[in-house]
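Undergrad: For reference, the structure I am asking about is given below.
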Amino acid sequence: MISQKAKYALRALIDLAEASHDDPVQISDIAASQDIPRKFLEQILLDLKHQGLVASRRGKAGGYILLRAPEAITFGEVLRIIDGPLAPLPCLSKTAYHRCVDCKDEAACQIRRVFAGAADATRGVLDKATIADAMGDAGRAGAATVLA
């Protein structure tokens, strides 16, 4: 299950993707349109900024913008930034692998074998699904424009 923070991050990114690519979107506008607590949204956007997905502009006309096209931001990437590894077991993680403490033989672990299939399927979907996909046809029409 994904966290509420991850859902908010995805909703905020979709909101930014739906906005005009020339105009930054203020936190208060995203918070209001997506029904996200402002303070929580500030933390989320800071995490996304540190990972290079969004940028902020200061001033009266400031706010947040996407740094990459909506079709270049996957759900898997966002979930890893916000919630950490996607794998259900630490021994299956591609980004934070470590052996399970109670495991005697990883290669023979029946539990690992079953969850490996689930993890591969999950990664297969989430690493292909993009913000543009979530937007439907509207995301594909404007997805070619990337802010510099």
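Undergrad: Regarding the range 20-36, can at least one residue be identified that is out of contact with any strand residue (DSSP E or B) (no Cβ under 8 Å at 6 or more places or on another chain), of a type in the set (A, V, I, L, M, F, W, C) and under 24 Å from A87 (Cα atoms)?
TA: No, because not a single residue in the range 20-36 is out of contact with any strand residue (DSSP E or B) (no Cβ under 8 Å at 6 or more places or on another chain), of a type in the set (A, V, I, L, M, F, W, C) and under 24 Å from A87 (Cα atoms).
Conditions tested, residue by residue: (1) farther than 22 Å from A134 by Cα; (2) out of contact with any His (no Cβ under 7 Å at 6 or more places or on another chain); (3) assigned to a helix (DSSP H, G or I).
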site: R11; (1), (2), (3): no, yes, yes
site: K39; (1), (2), (3): yes, yes, yes
site: I44; (1), (2), (3): no, yes, yes
site: I65; (1), (2), (3): no, yes, no
site: I81; (1), (2), (3): no, yes, yes
site: H98; (1), (2), (3): yes, yes, no
site: A116; (1), (2), (3): yes, yes, yes
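Undergrad: Any residue in the range 106-128 that's of a type in the set (S, T, N, Q): show its pairings with residues that are buried (at least 16 other Cβ atoms within 10 Å of the Cβ) at Cβ separation under 7 Å, as long as the two are six or more apart or on different chains.
TA: That search, which allows pairs on different chains as well, returns T122/L86.
No lab work stands behind these numbers, since they all come straight from the coordinates. What you see is a predicted model, and the numbers here were worked out from it, not measured in a lab. Here the Cβ is made from the backbone with ideal geometry for all residues, glycine too, and neighbour counts use every protein chain on show.
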